[in-house]
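Asker: The structure's right below; bear with me while I get my questions together.
The values are calculated or read from the model by the stated rules, or taken from the named source; none is laboratory data. Note that the structure is a prediction, hence the values are computed from the model and not measured. Here Cβ is always computed from backbone atoms with ideal geometry, including for glycine, and neighbour counts include all displayed protein chains.
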Amino acid sequence: MVLATRQNVQKVLKNFNKKEGVIVVKGKELKERDDTDVEVDFRQESSFYYLTGCAEPGFSVVIDVATERIQLIAPPVNPDDVVWMGYPDSLETLQTKYDVDEAIYSTELDARLKAASVVYTIPHFNVTFNEDVKAASEEDNKALYAAICEARIIKSDWEIEVMRKANKISSDAHIKVMEACTTNINEADLYAIFLNESNRHGAFFQSYMPIFGSGMNAATLHYNKNNASIENPTDMILVDAGCEYNYYASDITRTFPVGGKFTEEAATIYSIVLDMQKACIAELKSGAKWEDIHTTALEVAAEGLIKTGILVGEKQELLDKDVVAAFFPHGIGHMIGIDVHDVPKYCTSVERIDRPSYRYLRMRRTLAANNVVTVEPGIYFCEFMIDPVVKDEKTSKYINKEMLNKYKSVGGIRIEDNLVITEDGSYNLTTVPKEINEIEAIMEEASSKKRKLD
């Protein structure tokens with residue numbers, strides 16, 4: 001399948017306020033692990049893939065700013081590589097395969113760059129040019145990267161469809177994990193089920209290191225040991241996992257009871273998190289500010305924790321004192337695309353909000369149509385985060401220790417979906433169920449089938 005990456009090039013050039021010169025972007029090289037002849041898993045550089053659709057090692061691309069002409073730069077044919085890997089595509093095949101104007105070998109690259117009035121590249125590539133090449137300034141290269149970032153976060157319809165496929169594969173894998181969950185197994189068993197389901201549908205890479213945290217392991221935000229025994233049926237297990245399909249990411253989290261039935265305490269906290277997510281999703285639309293969405297999550301969390309009796313005091317005072325951050329320390333979500341934490345994180349003109357409730361926001365920006373974002377609120381009973389608030393004489397009065405102890409065993413709960421922003425709202429790419437009754441029904445049906453087989 002030929003990807004419509006020429007559209008991506010045109011979007012970048014529209015954002016890049018230059019009239020002449022060429023852009024050169026290098027792809028990744030195939031590398032070996034340490035002092036061995038074992039190859040490290042190859043994953044193409046994201047911006048290069050965005051511009052070309054080429055997932056092969058050793059390639060570069062040259063784009064003429066004035067004419068929009070695209071040249072794919074291929075590594076020369078190496079006889080040793082042919083012995084092991086077979087003969088590579090011809091230049092003619094590459095031209096058609098990647099919808100470029102021309103494919104040439106890298107032996108011609110220096111001459112091409114020397115002929116250009118100026119050569120732009122992505123700053124973090126640290127590309128060293130021949131002294132005869134007129135390299136762009138650092139400022140202009142930063143402007144190029146900003147143009148690529150702004151293009152990447154506005155998804156084309158075809159990109160969204162690829163992400164829908166990634167979400168479908170991952171959603172089905174999450175359901176398989178729910179169905180298989182029981183006591184006397186290991187987190188690794190569930191991890192293996194998710195990987196197998198992804199691989200079966202052609203998603204051979206995960207978007208990130210998956211998280212399979214049972215019991216108190218779920219209170220660690222990026223827990224990824226994934227090797228603990230699962231023994232208590234009332235424990236919750238947090239599964240944060242998403243496959244990558246055709247280089248586009250998914251990022252989904254579900255939390256459910258090992259034994260298939262929510263305890264009263266788990267159901268209470270889960271319902272707060274679900275309310276947080278629903279309130280945030282209701283505010284998604286073009287023109288909405290991301291930190292305002294996050295503030296909504298904090299407000300709903302405060303209301304829920306006050307209602308349970310864990311927090312004591314007026315909602316606004318708790319928010320002003322950042323007490324809620326002890327239970328919900330991370331941001332409400334992030335952009336997602338070719339990278340799971342897609343560009344940009346923070347624009348150079350936007351500062352982080354330096355207070356506990358907002359410190360870990362992954363971005364601050366106004367949403368636009370065809371942004372794709374995750375919405376992932378959570379509540380966690382992590383002693384490392386909560387104890388300082390409990391012990392601080394300025395904030396200890398806001399926490400009811402008896403009620404806190406009652407709910408600690410819940411561990412951590414997070415719910416995460418992937419959503420496409422529209423002019424007046426959003427739509428959800430994630431299909432795995434998240435209502436309590438839906439989760440319990442899935443797990444009960446699977447348990448019933450197991451009992452009949454036994």
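Asker: Would you check if there is a residue in the stretch 177-191 being surrounded by 22 or more Cβ atoms within 10 Å (Cβ to Cβ), closer than 22 Å to residue 436 by Cβ and polar (S, T, N, Q)?
Answerer: No, because not a single residue in the stretch 177-191 is surrounded by 22 or more Cβ atoms within 10 Å (Cβ to Cβ), closer than 22 Å to residue 436 by Cβ and polar (S, T, N, Q).
Asker: So is residue 150 farther than 30 Å from residue 236 by Cβ, touching a residue at least 40 places away in the same chain (Cβ under 8 Å) and either not assigned by TED's automatic domain parsing to the domain that holds residue 238 or not hydroxyl-bearing (Ser, Thr, Tyr) (or both) or not?
Answerer: Working: farther than 30 Å from residue 236 by Cβ: yes; touching a residue at least 40 places away in the same chain (Cβ under 8 Å): yes; either not assigned by TED's automatic domain parsing to the domain that holds residue 238 or not hydroxyl-bearing (Ser, Thr, Tyr) (or both): yes.
Yes.
Asker: Among the numbered criteria (1) of a type in the set (A, V, I, L, M, F, W, C); (2) touching a residue at least 40 places away in the same chain (Cβ under 8 Å); (3) outside any helix (DSSP H, G or I), which single criterion is violated by residue 177?
Answerer: Unmet for residue 177, out of (1) of a type in the set (A, V, I, L, M, F, W, C); (2) touching a residue at least 40 places away in the same chain (Cβ under 8 Å); (3) outside any helix (DSSP H, G or I): (3).
Asker: Let me ask something else about it. Which one of these is free of Cβ contacts under 8 Å to residues at least 60 places away in the same chain and not in a helix (DSSP H, G or I): 212, 194? Break it down into steps so the answer makes sense when it comes.
Answerer: Numbers: 194 fails: not in a helix (DSSP H, G or I).
From the options 212, 194, the qualifying one is 212.
Asker: Considering every residue within the stretch 434-441, establish whether at least one is over 28 Å from residue 166 (Cβ atoms), surrounded by fewer than 16 Cβ atoms within 10 Å (Cβ to Cβ) and either over 28 Å from the mean Cα position of the chain (by Cα) or outside the structural domain of residue 283 (by TED's automatic domain parsing) (or both).
Answerer: no
Asker: Same structure, new question: Hey, could you check the stretch 44-97 for residues that are of a type in the set (Phe, Trp, Tyr) and modelled with pLDDT of 95 or more and say which is farthest from residue 246 (Cα to Cα)? Steps first, please.
Answerer: If we filter the stretch 44-97 for residues that are of a type in the set (Phe, Trp, Tyr), which is where we start, we get 48-50, 59, 84, 87.
Filter once more, so that each one left must be modelled with pLDDT of 95 or more: 48-50, 59.
On the way: 48: 14, 49: 10, 50: 11, 59: 18 Å.
That would be 59.
Asker: Which residues, counting only those in the stretch 151-189, are closer than 26 Å to residue 285 by Cα and acidic (Asp, Glu)?
Answerer: Across the stretch 151-189, the qualifying residues are 157, 159, 161.
Asker: Quickly run through the stretch 101-147 and pick out the residues that are under 32 Å from the mean Cα position of the chain (by Cα), in a loop (DSSP other than H, G, I, E, B) and in contact (Cβ under 8 Å) with a residue 24 or more places away in the chain.
Answerer: First, the residues of the stretch 101-147 that are under 32 Å from the mean Cα position of the chain (by Cα): 119-128, 136-147.
Going one step further and asking which of them are in a loop (DSSP other than H, G, I, E, B), we end up with 121-122, 126-128, 136-137.
Matches in the stretch 101-147: 121, 122, 127, 136.
Asker: Give the residue that is surrounded by the fewest Cβ atoms within 10 Å (Cβ to Cβ), with candidates limited to residues of the stretch 260-292 that are more than 13 Å from residue 376 (Cα to Cα) and of a type in the set (Asp, Glu).
Answerer: Result: 264.
Asker: Something else: Taking into account only those residues within the stretch 429-454 that are in a helix (DSSP H, G or I) and of a type in the set (D, E, K, R), which is farthest from residue 257 (Cα to Cα)? Walk me through it before giving the result.
Answerer: Kept after step one, since they are in a helix (DSSP H, G or I), are these residues of the stretch 429-454: 436-453.
Narrowing further to those that are of a type in the set (D, E, K, R): 438, 440, 444-445, 449-452.
Values: 438: 12, 440: 8, 444: 11, 445: 14, 449: 18, 450: 17, 451: 18, 452: 22 Å.
In this case the residue turns out to be 452.
Asker: Right, next: Here's a check for you: in the stretch 211-232, which residue that is surrounded by 18 or more Cβ atoms within 10 Å (Cβ to Cβ) and over 23 Å from the mean Cα position of the chain (by Cα) is farthest from residue 177 (Cα to Cα)? Step through it out loud before you land on a result.
Answerer: Here is the first cut: in the stretch 211-232, the residues surrounded by 18 or more Cβ atoms within 10 Å (Cβ to Cβ) are 211-219, 221, 223, 226, 230.
Going one step further and asking which of them are over 23 Å from the mean Cα position of the chain (by Cα), we end up with 215-216, 230.
Values: 215: 16, 216: 19, 230: 13 Å.
This residue is 216.
Asker: Test residue 402 against the stated conditions and say whether it is out of contact with any Lys or Arg (no Cβ under 7 Å at 6 or more places or on another chain), more than 20 Å from residue 359 (Cα to Cα) and at pLDDT below 95.
Answerer: Details: out of contact with any Lys or Arg (no Cβ under 7 Å at 6 or more places or on another chain): yes; more than 20 Å from residue 359 (Cα to Cα): yes; at pLDDT below 95: no.
Considered against the rule, which asks whether it is out of contact with any Lys or Arg (no Cβ under 7 Å at 6 or more places or on another chain), more than 20 Å from residue 359 (Cα to Cα) and at pLDDT below 95, residue 402 comes out as no.
Asker: Is it the case that some residue within the stretch 25-43 is of a type in the set (S, T, N, Q), out of contact with any strand residue (DSSP E or B) (no Cβ under 8 Å at 6 or more places or on another chain) and at pLDDT below 95? Walk me through how you get there before you give the answer.
Answerer: Taking the stretch 25-43 first, the residues of a type in the set (S, T, N, Q) are 36.
Subset that is out of contact with any strand residue (DSSP E or B) (no Cβ under 8 Å at 6 or more places or on another chain): 36.
With at pLDDT below 95 added as a condition, the list becomes 36.
Scanning the stretch 25-43 turns up at least one residue that is of a type in the set (S, T, N, Q), out of contact with any strand residue (DSSP E or B) (no Cβ under 8 Å at 6 or more places or on another chain) and at pLDDT below 95.
Asker: For the stretch 15-39, what are the residues that are without any contact (Cβ under 8 Å) to a residue 60 or more places away in the chain, farther than 20 Å from residue 127 by Cα and surrounded by 11 or more Cβ atoms within 10 Å (Cβ to Cβ)?
Answerer: Of the residues in the stretch 15-39, the ones without any contact (Cβ under 8 Å) to a residue 60 or more places away in the chain are 19, 27-39.
From what's left, farther than 20 Å from residue 127 by Cα: 19, 32-39.
39, the sole residue that qualifies.
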